[in-house]
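Computed from the coordinates by the stated procedures, all read-outs in this text should not be read as laboratory data. The model shown is predicted, which means the values in this text are computed figures rather than measured ones. Every residue, glycine as well, gets a Cβ built from its backbone with ideal geometry; the counts of neighbours run over all protein chains shown.
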Amino acid sequence: MSSLTVAPLVAPLHTVRARTVAGAVAIAAAVALPQVVHLAGGGPGLAQALLPMYLPVMVVGLLAGPQVGLAVGLLAPLASFGLTGMPALPLLPSIVVQLAVFGLVAGLVGRTRWHVGVKTFVILASGNLARLGFVLVAGLVTQAAWASSPALWWTAFVVGLPGLAIQCVVVPLVAAWAAKR
């Protein structure tokens, strides 16, 4: 376990080509994983609870750096929406912001010597705060009813608690495993 506490995840993907491939794979995984959850019989509700799109974005940010993490965070939900219609509106813009911040922050903290669990917590807190801020500002600017909808807030921040707990366990394990390879 000491390798998890002291080893920085210093973007082991050194070439532009490797980072590009990692980004493309992460986008594909971020589109595919929610669909796997749907096909397994979980439907959209289970995907909203498990947050399967988060994992590839955070891991690629940790491993490939902030630019790739940011790009994947921006493009993955847009690609998913274009191909599958999910995440549904009006959640899409806030999820784009959230995942972009996840990827960016993952890339930034991936270069620190922090414990990977601390990195994961910082990533999750940053992305969720960014999403919260976006929803609040968008609601104030547009005076849109959706911004104050209890259903939006419930879906965005309460339904996903099991997924956040899973991410706190899975992201450190996957990132540590991938960093060794």
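Structure notes:
- Summing +1 for each Lys or Arg and -1 for each Asp or Glu among the other residues whose beta-carbon sits under 15 angstrom from that of Val25 gives +3.
- Within the chain: Cβ-based charge dipole about Cα centre, in debye rounded to nearest 20 (Lys, Arg +1; Asp, Glu -1): 520
- Kyte-Doolittle at least 0.5, axis length at least 18 Å by Cα - qualifying DSSP helices, the chain: 16-37, 66-84, 91-109, 116-142, 161-180
- Calculated SAXS-style log₁₀ I(q)/I(0) at q = 0.15, 0.17 Å⁻¹ - the chain, Debye, Cα scatterers: -0.81, -1.02
- Rounded, prolate or oblate (a/c below 1.5 giving rounded, otherwise prolate when a/b exceeds b/c) for segment 37-109 by Cα gyration tensor: prolate
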